[in-house]
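**Q** So that we are looking at the same thing, I have put the structure below in structure tokens.
The values are calculated or read from the model by the stated rules, or taken from the named source; none is laboratory data. Being a predicted model, the structure only gives us computed values, none of them experimental. Cβ: placed from backbone, ideal geometry, glycine included. Neighbour counts: every protein chain shown. We work out accessible area using only protein heavy atoms, side chains counted, and drop any ligands, DNA or RNA first. Shrake-Rupley method; radii C 1.70, N 1.55, O 1.52, S 1.80 Å.
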Amino acid sequence: MTAVTTATPIFEAKNIVMDFTVQKSGGMFAGTKTLRALNDVSFQMFPGESLAVVGESGCGKSTLCRIAMRVHEPTGGRMTYAGKDVHNFASKQDYRNYREKVQMIFQDPFSSLNPLHSIEYTLSRPLKLYHGMKNKQELDAKINEIMETVGLIPAVEQKKKYPHQLSGGQKQRAFIGKVLAIGADVIFADEPTSMLDVSIRLGVLNLMNKMKFENKKSFLYITHDIATARYFSERIIVLYCGHMVEWGDVNKVVKEPAHPYTQLLISAAPDPERDRLVELKEKGRSEIQQWTPESKGCPFAPRCLRATQLCYEQMPEAVEVDPGRFVRCNHL
């Protein structure tokens, strides 16, 4: 797949910084410290395109979603939807429009749906609230159309069920149906297939692909699985310790990773054709580094075999190694 070349992004993040104040170890009298979860993160999202964000647990992937959903106010930088600041809307109508057009698919389909409501009720509420559908015949027809779109068939039977009567894959499809009912244009998908059986993951990915190509939905796809990132997305961002270390066309990044951390991620993915003797190594594996506003240098330096004294003292500049593809490393 090739990257979409659209002049105007529908959603944009510029220089996002997110700090959290946490309790120091040693009890309630030990004081607090500031941890930096995201540092200078920027990206653009376009209609009909998926942007994948990959990295290990704790690197800041889900924090990006929470900022976009207005759960957190960023410490620095800004996010915009259709040119309007997400955290500083001029009117309640702008905020309502944002809630309609920007939605999130959660990792856990078992807790995403209200267990007290049927699937029919779950889909009917946004159709009534956001689209003013009152006519029962029109409402039924639209619900049946959405059910068929997400693969919950026969719709007449499936829509009467409650979440506990559905499998994990069916729950995720039902929640995606809710997103379609709301009418979102931008969708933040936080590992939407990680809790599903392997046999049904592809079905959910194909459903989102259909939404992307046929309905021009824009996805930010968070995942640990680089294989699905390559399958579903056109562009990719590799995050480490809240820093963008490599980003650009997904095929180029996956086929020819330039940053040592990206190479490490690729080498960790199962590949029967790869000689295990050439898999990359790292310095003594440790927990992900805690980054603070005062931290210096490259965050991956403690684990990198290429690291020199410069890497501990200076944050690498972003270098464009291919058109539209960037890498942060002092030793490319």
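**Q** Could you give the nm distance between label points at Phe20 and Asn206, where each point is 7 Å from its Cα heading toward the beta carbon?
**A** Reported label-point gap for Phe20 and Asn206 is 3.8 nm.
**Q** Still on this structure, I have one more. On a straight-distance basis, which aspartates and glutamates could pair with Lys160 in a cross-link, Cα separation under 18 angstrom, same-chain partners fewer than 8 positions away excluded?
**A** Partners found: Glu120, Glu138, Asp140, Glu145, Glu148.
**Q** Still on this structure: Mind checking which lysines have their C-alpha under 24 Å from Lys24, skipping anything on the same chain fewer than 8 residues away?
**A** Lys33, Lys61, Lys296
**Q** Before I look further, what does segment 4-138 give for accessible area per residue, probe 1.4 Å, in whole square angstrom?
**A** Working: 7010 Å² over 135 residues.
Value for segment 4-138: 52 Å² per residue.
**Q** I've got another one for you. Just to compare against my own numbers: the Cα pair-distance distribution for the chain, 20 Å bins, whole % per bin, please.
**A** The percentages, shortest bin first, are 29, 55, 16, 0.
**Q** Please report the antiparallel percentage of the DSSP beta bridges confined to the chain, to the nearest 5.
**A** On the way: 29 of 47 bridges.
The answer is about 60 percent antiparallel.
**Q** For Gly297, what charge total do you get from the other residues with a beta carbon under 12 Å from its beta carbon, if Lys and Arg give +1 and Asp and Glu give -1?
**A** Numbers: positive: Lys296, Arg328; negative: Glu294, Glu313.
Here the charged neighbours net out to 0.
**Q** Please work out whether segment 210-263 counts as rounded, prolate or oblate from its C-alpha gyration tensor, where a ≥ b ≥ c are the square roots of the eigenvalues and a/c under 1.5 means rounded, while otherwise a/b larger than b/c means prolate and anything else oblate? Each step should come with its number before you reach the end.
**A** On the way: a/c = 2.45, a/b = 1.85, b/c = 1.32.
Prolate, because a/c is 1.5 or more and a/b exceeds b/c.
**Q** Still on this structure, please answer the following. Using a cut-off of 13 Å between beta-carbons, work out the net charge of the residues near Val156 (Lys and Arg +1, Asp and Glu -1, Val156 not included).
**A** -2
**Q** Bin width 10 Å, origin at 0, all Cα-Cα pairs of segment 81-235: what percent of pairs per bin?
**A** Result, from short to long distances: 10, 39, 36, 14, 1 percent.
**Q** What number, rounded to the nearest 500 deg cm²/dmol, is the helix-based mean residue ellipticity at 222 nm of the chain, given -39500 (n - 2.57) per DSSP H run of at least four residues and division by all its residues? The partial results should precede the final answer.
**A** Numbers: 11 runs with 109 residues, N = 332.
Result for the chain: -9500 deg cm²/dmol, rounded to the nearest 500.
**Q** For Asp197 and Lys33, compute 0.36 nm times the residue count separating them, minus their Cα-Cα distance, and round to one decimal in nm. Write out the running numbers ahead of the final one.
**A** Values: separation 164, 0.36 × 164 = 59.04 nm, distance 4.01 nm.
This chain segment gains 55.0 nm when fully extended.
**Q** Could you give the length gained on full extension between Ala82 and Ala141, defined as 0.36 nm per residue of separation minus the Cα-Cα distance, in nm? Present the calculation step by step, with values, prior to reporting the outcome.
**A** Numbers: separation 59, 0.36 × 59 = 21.24 nm, distance 3.09 nm.
Taking 0.36 nm per residue and subtracting the Cα distance, the gain is 18.1 nm.
**Q** Just flag the trypsin sites (Lys or Arg not before Pro) in segment 70-178 sitting in loop per DSSP whose Cβ has no more than 14 other Cβ atoms within 10 Å.
**A** Values: sites: Arg70, Arg78, Lys84, Lys92, Arg96, Arg99, Lys101, Lys128, Lys134, Lys136, Lys142, Lys159, Lys160, Lys161, Lys171, Arg173, Lys178; in loops: Arg70, Lys134, Lys159, Lys160, Lys161.
Answer by residue number: Lys134, Lys160.
**Q** How much length, in nm to one decimal, is gained on full extension between Arg125 and Phe110, taken as 0.36 nm per residue of separation minus their Cα-Cα distance?
**A** Values: separation 15, 0.36 × 15 = 5.40 nm, distance 1.96 nm.
Taking Arg125 through Phe110 to full extension adds about 3.4 nm, to one decimal.
**Q** How much accessible surface area, in Å² rounded to 10, belongs to the heavy atoms of Leu265 with a 1.4 Å probe?
**A** 40 Å²
**Q** Then there is this: Just the number, please: carbon plus sulfur as a percent of the accessible area of segment 159-211, 1.4 Å probe, no ligands or DNA/RNA counted. List each step's numbers first, then the result.
**A** On the way: 950 of 1870 Å².
Here carbon and sulfur together make up 51 percent of the probe-accessible area.
**Q** Using Cα springs under 10 Å in a Gaussian network model of the chain, which residue among Pro47, Pro154, Pro260 shows the largest mean-square fluctuation?
**A** Ranking Pro47, Pro154, Pro260 by mean-square fluctuation puts Pro154 first.
**Q** Another one. How many nm is it between the label spots at Phe89 and Ser42, if each spot is 7 Å from the Cα in line with the beta carbon?
**A** Result for the modelled spin labels: 2.7 nm.
**Q** Roll a 1.4 angstrom probe over the protein heavy atoms and tell me the percent of accessible area of segment 47-151 that is carbon or sulfur.
**A** On the way: 2400 of 5170 Å².
Result for segment 47-151: 46 percent of the exposed heavy-atom area is carbon or sulfur.
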